[in-house]
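The values are calculated or read from the model by the stated rules, or taken from the named source; none is laboratory data. Predicted model, so just to flag it, every value in this text is computed and none were measured. Every residue, glycine as well, gets a Cβ built from its backbone with ideal geometry; the counts of neighbours run over all protein chains shown. Calculation scope for accessible area: heavy atoms of the full protein, side chains included, ligands and nucleic acids excluded. Shrake-Rupley method; radii C 1.70, N 1.55, O 1.52, S 1.80 Å.
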Amino acid sequence: MIPAKIVLNLSLILLELATNAVKYGAFAQPGGSVVITIGSDFERGSLSLIWQERGGPPCHDTGRVGFGTRLIEASVRHDLRGLASRRYEPSGLVWEFEFALPD
């Protein structure tokens with residue numbers, strides 16, 4: 001079972017990622033897709049999530065950090081006590097998240 005606080009934060013993060021994908025990323029053009037991979041490490045008590053966009057317009061780091069990115073990073077760092085990273089690959093934007101599950 002995943003606690004409600006974690007589910008709420010993850011749903012807001014996924015909503016922000018999906019909104020950005022519609023506006024700027026994989027869902028902004030026909031044929032684009034998103035692959036979400038979820039994993040867990042029960043020995044460490046952690047959960048990981050990878051958001052990988054494919055088939056969208058070319059993406060690159062503009063150096064600009066928007067409100068949504070700040071929201072995602074703050075939510076993961078403070079609310080989920082985890083790590084978030086993003087990278088711009090030729091196939092599309094990739095976000096990786098890892099955070100601890102409560103005991």
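The packing ranking of peptides 21-27, 79-85, 63-69, highest mean first, is 21-27, 79-85, 63-69, where packing means the average number of other beta carbon atoms within 10 angstrom of each residue. Rounded to the nearest whole Hz, the Karplus-based 3J(HN,Hα) values (6.51 cos²θ - 1.76 cosθ + 1.60, θ = phi - 60°) of the range 26-33 follow the sequence 4, 8, 7, 8, x, x, x, 8, with x at glycine and proline.
Each residue of the range 4-10 was assigned a 3J(HN,Hα) from its phi angle through the Karplus expression (A = 6.51, B = -1.76, C = 1.60, θ = phi - 60°), giving 4, 4, 5, 4, 4, 4, 5 Hz with x at Gly and Pro.
In the chain, the calculated helix contribution to ellipticity at 222 nm averages -9000 deg cm²/dmol per residue, counting -39,500 (n - 2.57) for every DSSP H run with n ≥ 4. Taking a ≥ b ≥ c as the square roots of the eigenvalues of the alpha carbon gyration tensor, the range 1-49 is oblate, as a/c is not under 1.5 and a/b does not beat b/c. With the highest mean first, a sort of the peptides 91-101, 33-43 on other beta-carbon atoms found within 10 angstrom per residue produces 91-101, 33-43. Any idea what the relative contact order of the chain is, in percent, if you count C-alpha pairs under 8 Å spaced at least 6 apart? With pairs under 8 Å counted, the relative contact order is 28 percent.
Can you work out the accessible area per residue across the chain, with the rest of the protein chains kept in place, probe 1.4 Å, in square angstrom?
Working: 6640 Å² over 103 residues.
For the chain, the solvent-accessible area averages 65 Å² per residue.
Here the range 1-51 and the range 58-103 have alpha carbon centers that stand 10 Å from each other. Scanning residues 5 or more positions from Ser46 or on other chains, those with amide H under 5 Å from its amide H are Asp41, Leu101, with H placed 1.01 Å from N in the peptide plane.
Please label the shape of the chain as rounded, prolate or oblate, based on the square roots a ≥ b ≥ c of the eigenvalues of the alpha-carbon gyration tensor (a/c under 1.5 means rounded; beyond that, a/b larger than b/c means prolate, else oblate).
Details: a/c = 2.06, a/b = 1.75, b/c = 1.18.
Because a/c hits 1.5 or more and a/b exceeds b/c, the chain counts as prolate.
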